[in-house]
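Read through the structure below, which is laid out as structure tokens, and then see the notes.
The values are calculated or read from the model by the stated rules, or taken from the named source; none is laboratory data. Every value quoted in this text rests on a predicted model; they were computed, and no experiment measured them. So basically every Cβ, Gly included, is an ideal-geometry build from the backbone, and we count neighbours across all protein chains shown. The accessibility values were calculated without ligands, DNA or RNA, using every heavy atom of the protein model including side chains. Shrake-Rupley method; radii C 1.70, N 1.55, O 1.52, S 1.80 Å.
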Amino acid sequence: MIALGCDHGGINLKNAIIEYLKEKNIEYKDFGCYTDDSVDYPIYAYKVANTVANKQAELGILCCGTGIGISIAANKVKGIRAAVVSNEFGAEMTRRHNNANILCMGGRVTSEEDAVKFADIFLNTPFSEDEERHTRRVQMLSDIESGIFCEK
Ligand code: RB5
């Protein structure tokens, strides 16, 4: 299941992604918002991030005006690696190298067509778990989060 959320600045991208997920028969849950009335992005970031962190969703997608505020909020939840993406290379590499679990995009930055392209790449790219340097680095991210990171 893919967890989705947005604020008013990202609702156009989220709706385009919902159409894509329906076409591909990919299960999703939409945590809102549902209109373009002004709302506070941390609310939706928190709902999606918790769902992903609790493993009730495999991955999440969050959209706001820039993708930035909603990614900062999502990254406050333990276990979340939320990445703002604005090109195809970033969509691929943040899965392969960072094992990002939430894709963030901005409705005032990225077109609906590109957002669907980036979501498709993100959802279909695996983490390079057989490459030790990437598992080591992602583990370091968890260690920073847990307060046990030691600079070598
Ligand atoms: C809302 O106007 C806007 O600040 C929000 O969507 C987002 O861009 C914040 O980072």
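From the cross-link list Lys24/Lys76; Lys29/Lys117; Lys14/Lys76, which pairs have alpha carbons spaced over 24 Å apart?
Beyond 24 Å between Cα atoms: Lys24/Lys76.
At most 16 other Cβ atoms within 10 Å and a DSSP loop assignment: could you name the trypsin sites (Lys or Arg not before Pro) in region 1-32 that fit?
Lys24
Count charges around Val48 for me, please; just the other residues with Cβ under 10 Å from its Cβ, Lys/Arg as +1, Asp/Glu as -1.
Net charge around Val48: +1.
Summing -39500 (n - 2.57) over the DSSP H runs of n ≥ 4 in the chain and dividing by its residue number, what mean residue ellipticity at 222 nm do you reach, to the nearest 500 deg cm²/dmol?
-14000 deg cm²/dmol
If I measure Cβ to Cβ between cysteines in the chain, which ones have no partner under 4.7 Å?
Cys33, Cys64, Cys104, Cys150
How much of the pair distance distribution for the chain lies past 20 Å, counting alpha-carbon pairs only, in percent?
44 percent
Can you tell me the Rg and the Dmax, both Å, for the Cα atoms in region 64-152?
13.8, 43
Where only protein heavy atoms count, and the probe is 1.4 Å, what is the accessible area per residue for the chain in Å²?
With all protein chains present, the chain gives 53 Å² per residue.
Note down the Stokes-Einstein diffusion coefficient of region 1-87 in µm²/s, whole number, using a Kirkwood radius over alpha carbon pairs, 10 °C, and 1.306 mPa s.
Calculated translational D: 126 µm²/s.
If the elastic network links every pair of Cα atoms under 10 Å, which of Glu88, Glu23, Glu129 fluctuates the most in the Gaussian network model of the chain?
Comparing Glu88, Glu23, Glu129 in the GNM, the peak value goes to Glu23.
Quick one, what does Rg over Rh come out to for region 50-90 if you take C-alpha atoms and the Kirkwood Rh?
Taking Rh as the inverse mean 1/r over Cα pairs, Rg/Rh reads 0.97.
Choose one answer from Leu21, Leu62, Leu103: the residue with the largest mean-square fluctuation in a GNM of the chain with alpha-carbon springs under 10 Å.
Comparing Leu21, Leu62, Leu103 in the GNM, the peak value goes to Leu21.
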